[in-house]
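What follows is a structure written as structure tokens; I'll ask about it next.
The values are calculated or read from the model by the stated rules, or taken from the named source; none is laboratory data. Just so you know, these numbers come straight off a predicted model, no measurement behind them. Every residue, glycine as well, gets a Cβ built from its backbone with ideal geometry; the counts of neighbours run over all protein chains shown. Just the protein is used for accessible areas: all its heavy atoms, side chains included, with ligands, DNA and RNA removed. Shrake-Rupley method; radii C 1.70, N 1.55, O 1.52, S 1.80 Å.
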Amino acid sequence: MTTHTLSNFDPCRNQKTFRPKKSAPSGSKGAQLQKHIDATLGSGNLREAVKLPPGEDINEWLAVNTVDFFNQVNILFGTLTEFCTPSNCPSMTAGPKYEYRWADGVTIKKPIEVSAPKYVEYLMDWIESQLDDETIFPQRLGAPFPTNFRDVVKTIFKRLFRVYAHIYHSHFQKIVSLKEEAHLNTCFKHFVLFTWEFRLIDKAELAPLEDLVESIVQL
């Protein structure tokens, strides 16, 4: 798999999306924290951009960034919907060794094999349902986060990583031909640095892109 130089700016914000963009939690400090994210990303220093701002609540920071990364993956997958089809990608894989099956524990309790685009559709629907649930992502100022909030966030990031893994393994050459590799690499670098900073994804889950992840965290 070819890798390209990771750029130091974030162009992942104003592209077309797979589905409508989500806004930061409005009743929290979401808008204020979103401005902080935008300002620090604009500086080009992604390592600084992911750090918890002084004096801020970690759950607020995780919440607004979860929305942000959900939107970024929407944008990236939106560029591939005509290429990532059930016929081209009949299962959700990340290379020959890794296949992901879908279950949400509610409507689909036993993992099922689905095409890659169907997996991403299920995933985005599930994440949206989490983001829209005020008992998980509170909108009201001062409303408490649930005790399992970090676990929910970790599951969201673990599953978003699978979309990146599929894109890199199955569609990277198409991304290159679209001249989107700088966008992809920058968004993934930002994603990896954030998940690494807050230990949101177990190392074993990162195995499909282990070499790329290591190159990012060791820069």
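Residue check: is PRO86 open to solvent by 40 Å² or more (accessible area, probe 1.4 Å) and either within 30 Å of GLN173 (Cβ to Cβ) or at pLDDT below 95 (or both)?
Yes: the conditions hold for PRO86.
Does segment 118-129 hold any residues that are open to solvent by 20 Å² or more (accessible area, probe 1.4 Å) and out of contact with any Phe, Trp or Tyr (no Cβ under 7 Å at 6 or more places or on another chain), and which are they?
Matches in segment 118-129: LYS118, GLU121, ASP125, TRP126, GLU128, SER129.
Of the numbered conditions (1) open to solvent by 10 Å² or more (accessible area, probe 1.4 Å); (2) of a type in the set (A, V, I, L, M, F, W, C); (3) modelled with pLDDT of 95 or more, ILE167 fails exactly one; give the number of that condition.
Looking at each condition in turn, ILE167 falls short on (1).
If you don't mind, another one. With VAL163, VAL176, VAL153, VAL120 as the choices, which residue is closer than 20 Å to ILE58 by Cα, in a helix (DSSP H, G or I) and either acidic (Asp, Glu) or out of contact with any Asp or Glu (no Cβ under 7 Å at 6 or more places or on another chain) (or both)?
VAL153
Another one. Name every residue in segment 105-117 that is at pLDDT below 95 and surrounded by 13 or more Cβ atoms within 10 Å (Cβ to Cβ), in order of residue number.
Of everything in segment 105-117, just one residue is at pLDDT below 95 and surrounded by 13 or more Cβ atoms within 10 Å (Cβ to Cβ), namely ILE108.
A quick yes/no check of all residues on (1) at pLDDT 85 or above; (2) more than 16 Å from LEU141 (Cα to Cα); (3) open to solvent by 60 Å² or more (accessible area, probe 1.4 Å); (4) touching a strand residue (DSSP E or B) at 6+ places or on another chain (Cβ under 9 Å):
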residue: LYS22; (1), (2), (3), (4): no, yes, no, no
residue: LYS29; (1), (2), (3), (4): no, no, yes, no
residue: HIS36; (1), (2), (3), (4): no, yes, yes, no
residue: THR40; (1), (2), (3), (4): no, yes, no, no
residue: ASN45; (1), (2), (3), (4): no, yes, yes, no
residue: GLU48; (1), (2), (3), (4): yes, yes, yes, no
residue: PRO54; (1), (2), (3), (4): yes, yes, yes, no
residue: ALA63; (1), (2), (3), (4): yes, no, no, no
residue: PHE69; (1), (2), (3), (4): yes, yes, no, no
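Here's something else I'd like to know. Tell me which residues, restricted to segment 42-94, are closer than 20 Å to ARG150 by Cα and either part of a loop (DSSP other than H, G, I, E, B) or over 19 Å from the mean Cα position of the chain (by Cα) (or both).
VAL50, LYS51, LEU52, PRO53, PRO54, GLY55, GLU56, ASP57
Which count do you get for residues in segment 190-205 that are closer than 22 Å to TRP61 by Cβ, open to solvent by 10 Å² or more (accessible area, probe 1.4 Å) and either of a type in the set (Lys, Arg) or touching an Asp or Glu at 6+ places or on another chain (Cβ under 9 Å) (or both)?
Residues flagged as closer than 22 Å to TRP61 by Cβ, open to solvent by 10 Å² or more (accessible area, probe 1.4 Å) and either of a type in the set (Lys, Arg) or touching an Asp or Glu at 6+ places or on another chain (Cβ under 9 Å) (or both) within segment 190-205 amount to 1.
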